[in-house]
Amino acid sequence: MHLLNLGILAHVDAGKTSLTERLLHTAGVIDELGSVDDGNTRTDTLALERQRGITIKSAVVSFPLDCVTVNLIDTPGHPDFIAEVERVLGVLDGAVLVVSAVEGVQAQTRVLMRTLRRLRIPTLVFVNKIDRRGARDEAVLDALARRLTRSMVPMGTAAGLGTRDARFVPGLGPAALDVLAEHDEELLAAYVEDTVSYDLLRAALATRTRQALVHPVYFGSAVTGAGVPELVTGIEELLPVADGDPAGPLSATVFKVERGPAGERIAYARVFSGTLRARDRIPFGDGREEGKITAVSVFDHGTDVREDEVPAGRIGRLWGLGGVRIGDAIGERRTVYEHHFAPPTLETVVVPGPGVDRRSLHVALTQLAEQDPLIDVRHDEVRRETSVSLYGEVQKEVVQATLADEYGLDVGFRATTTICVERPVGTGAAVEFNKKDANPFLATVGLRVEAAPVGSGTDFRLEVELGSMPYAFFKAVEDTVRETLGQGLHGWQVTDCTVTMTHSGYSPRQSHAHQGFDKSMSSTGADFRGLTPLVLVEALRRAGTRVYEPMHRFRLQAPADTLGALLPVLARLGAVPQTTATHGAAAVLEGAVPAARVHELEQRLPGLTRGEGELESAFDHYAPVTRGAVPRRPRTDHNPLNRKEYLLNVTKRVGG
């Protein structure tokens with residue numbers, strides 16, 4: 001039977017987990033529907049998920065249809081847990097994007113759809129909650145086309161909106177033909193000649209959906225089951241099944257890591273080619289490590305079952321890979337693991353409660369970071385503080401509750417602050433030569449720092465011959481450059497730059513009669529790791545860096561007569577409206593606002609708009625800090641900005 005790895009994505013509270021329950025019930029996997037409100041759904045298994053009624057961790061569940069077995073991955077809808085969604089995207093064959101018929105297109109809906117289209121993931125849209133009071137159909141279709149993409153194909157209409165008898169009436173109408181004709185030349189020709197047949201229309205729909213050029217739209221209700229049979233048919237007939245040769249070279253990707261009852265790591269992996277077998281020794285992490293798989297399980301009929309192997313196309317849970325990390329390739333790497341969403345823009349210092357051991361706290365946070373690498377745990381040895389990066393206040397509450405429930409650690413947090421970045425302003429170069437001046441390290445390192453295009457990240461290049469010294473020394477320089485760029489002149493991550501190694505040199509081992517080699521006079525990797533930060537920060541000083549703060553794009557809808565009170569407040573918060581439109585008695589403003597001021601805007605909005613204001617915001621870009629003092633971040637390294645302090649911390653061979 002064919003396999004399909006399907007993601008369910010949505011803005012929070014659109015009914016994504018309820019739809020998962022309904023699909024499992026429709027497939028006969030469960031006899032009774034679970035409820036998010038009652039905390040007994042199949043995929044929300046964490047105690048916190050059941051208490052809060054939201055999905056925090058992605059979960060996999062399998063069910064059979066007539067022609068295909070579906071591995072369904074339920075993902076979080078709250079924007080604070082977007083990193084969980086990111087990790088799932090790379091293993092999907094197709095997706096269902098759930099939209100509420102009441103709330104319509106929301107901020108997270110737009111973020112998700114943009115990413116699905118950019119990655120060319122075939123996607124169906126399910127407009128849920130047509131049985132709820134306030135449900136809309138034409139208005140939601142208009143918003144889908146206007147705010148997401150014009151390539152939406154209505155698969156029918158909704159009847160009885162807002163009642164328990166609401167139902168989906170299937171049928172491809174003129175609107176579907178208009179959209180499809182834009183993407184299919186054969187269909188367009190038949191359209192012009194008025195010879196379009198249903199078979200031709202359906203074939204074009206299947207082909208263009210699998211190419212992620214169009215997106216079929218269904219209406220229904222996960223609670224009543226309306227429209228779900230038609231959605232199931234669409235999943236079977238319109239989405240592409242998994243491919244891959246079970247006998248081919250091994251290639252898999254790890255998209256989730258969790259801890260078992262005994263603390264062991266369990267990896268979730270999608271196999272794209274070849275077959276993973278229990279007791280096999282396999283390379284993973286781009287060959288960084290090798291491990292023996294001690295056990296595997298696959299997903300089947302709503303649960304996971306132990307098997308001896310995981311063939312191409314399937315998702316398996318793997319035991320035995322002790323050093324495995326999210327994003328690791330197993331065997332050959334199929335694609336480069338990329339970040340599709342913005343990194344966290346907030347951070348907070350974790351404050352241990354009475355009796356909490358700092359070492360135990362650090363271990364616990366490190367384990368949480370294994371499951372969510374974007375948490376980014378930073379430990380400041382000088383101040384004896386540990387900070388974590390976050391997407392929002394809800395995630396902070398979840399981290400706090402997880403530490404209490406799973407690790408028995410009572411913690412608090414300081415106020416949340418914004419994470420900025422630094423970018424070089426110009427070009428700067430520096431060099432220190434082996435055995436010259438005040439260089440206490442047996443190494444020569446020269447580096448040039450140059451600004452690079454926005455969004456390009458960091459690039460390390462060589463302007464010296466690779467054979468001029470042992471490769472391990474070059475690797476030590478590159479690794480240290482990337483590590484040092486984590487804290488620029490103002491303490492923030494330095495990005496969008498190119499670092500070129502312009503000078504290199506080392507002291508080879510010298511042989512002395514009757515004494516053999518004198519190791520004290522030969523270079524080691526530690527010399528290059530010690531010298532590189534000093535050279536790099538000096539090059540950064542000469543280039544100069546500018547601090548950039550994260551900016552959110554916002555869409556604010558409010559009564560038009562409240563603009564007089566709103567606009568001055570927006571100006572004080574640093575928000576810049578870029579477009580203003582009036583629709584009847586309502587005004588819609590779109591623009592940019594500093595991420596640090598979004599929470600304050602949310603708090604003040606009800607009072608400014610008589611409780612009628614609606615705000616959507618999402619990260620958009622970084623902008624230079626232009627207001628007030630340039631924000632600085634406390635350093636957690638040995639501070640190469642202060643040469644004397646750095647050398648005292650790093651080496652006893654202080655020269656000069």
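Some notes on this structure:
- Cβ-based charge dipole, the chain, positive-most Cα from L601, I375, H638: H638
- What the Cα atoms of the stretch 558-640 give is an Rg and a Dmax of 16.2, 60 Å.
- Each of the peptides 587-599, 98-110, 559-571 was scored by the mean count of other Cβ atoms within 10 Å over its residues; in descending order, highest first, they stand as 98-110, 587-599, 559-571.
- Amide H contacts under 5 Å for D620, placed H, 5+ residues apart: M551, H552, R553
- 3J(HN,Hα) couplings calculated from phi for the stretch 144-159 with the Karplus curve 6.51 cos²θ - 1.76 cosθ + 1.60 (θ = phi - 60°) are, in sequence order, 4, 6, 7, 10, 10, 6, 6, 7, 9, 10, x, 8, x, 10, 9, 10 Hz; Gly and Pro show x.
- The H on the amide N of V350, modeled in the peptide plane, is under 5 Å from the matching H of T386, S387, V388, each at least 5 residues off or on a different chain.
- Computed from label points 7 Å out along Cα-Cβ, the spacing between D437 and V351 is 4.5 nm.
- Rounded to the nearest 10 degrees, the angle from helix 563-572 to the longest Cα principal axis of the chain is 20 degrees.
- Placing a label point 7 Å from the Cα of E186 along the Cα-to-Cβ line, the residues of the stretch 207-228 whose backbone N sits under 17 Å from it are 207-214.
- Debye equation applied to the C-alpha atoms of the stretch 187-280, log10 I(q)/I(0) at 0.14, 0.16, 0.17, 0.19 Å⁻¹: -0.84, -0.92, -0.96, -1.00
- Taking the C-alpha atoms only, the angle from helix 107-118 to the longest principal axis of the chain is near 80 degrees.
- Unit charges on C-beta of K, R, D, E only; dipole of the chain, Debye: 2520
- Of the peptides 128-135, 200-207, the ranking by mean beta-carbon count within 10 Å, highest at the top, reads 128-135, 200-207.
- Largest-first ellipsoid semi-axes for the stretch 238-380, taking √(5λ) over the Cα gyration tensor eigenvalues, angstrom: 31, 18, 14
- Folded to 0 to 90 degrees: helix 228-238 orientation relative to the chain principal axis, Cα: 60
- The magnitude of the dipole of the stretch 2-238, with charges of +1 and -1 set on the Cβ of Lys/Arg and Asp/Glu and taken from the Cα centre, is near 760 debye.
- Euclidean distance between Cα centres, the stretch 296-315 to the stretch 593-645, Å: 45
- Rounded to 5, percent antiparallel among DSSP beta bridges of the stretch 403-521: 70
- For the chain, adding -39500 (n - 2.57) for each run of n ≥ 4 DSSP H residues and dividing by the number of residues yields -8000 deg cm²/dmol at 222 nm.
Bear in mind that the values in this text are calculations on the coordinates, not laboratory data. What you are looking at is a predicted structure, and each value in this text was computed from that prediction instead of being measured. All Cβ positions, glycine included, derive from the backbone under ideal geometry; neighbour counts span all protein chains shown.
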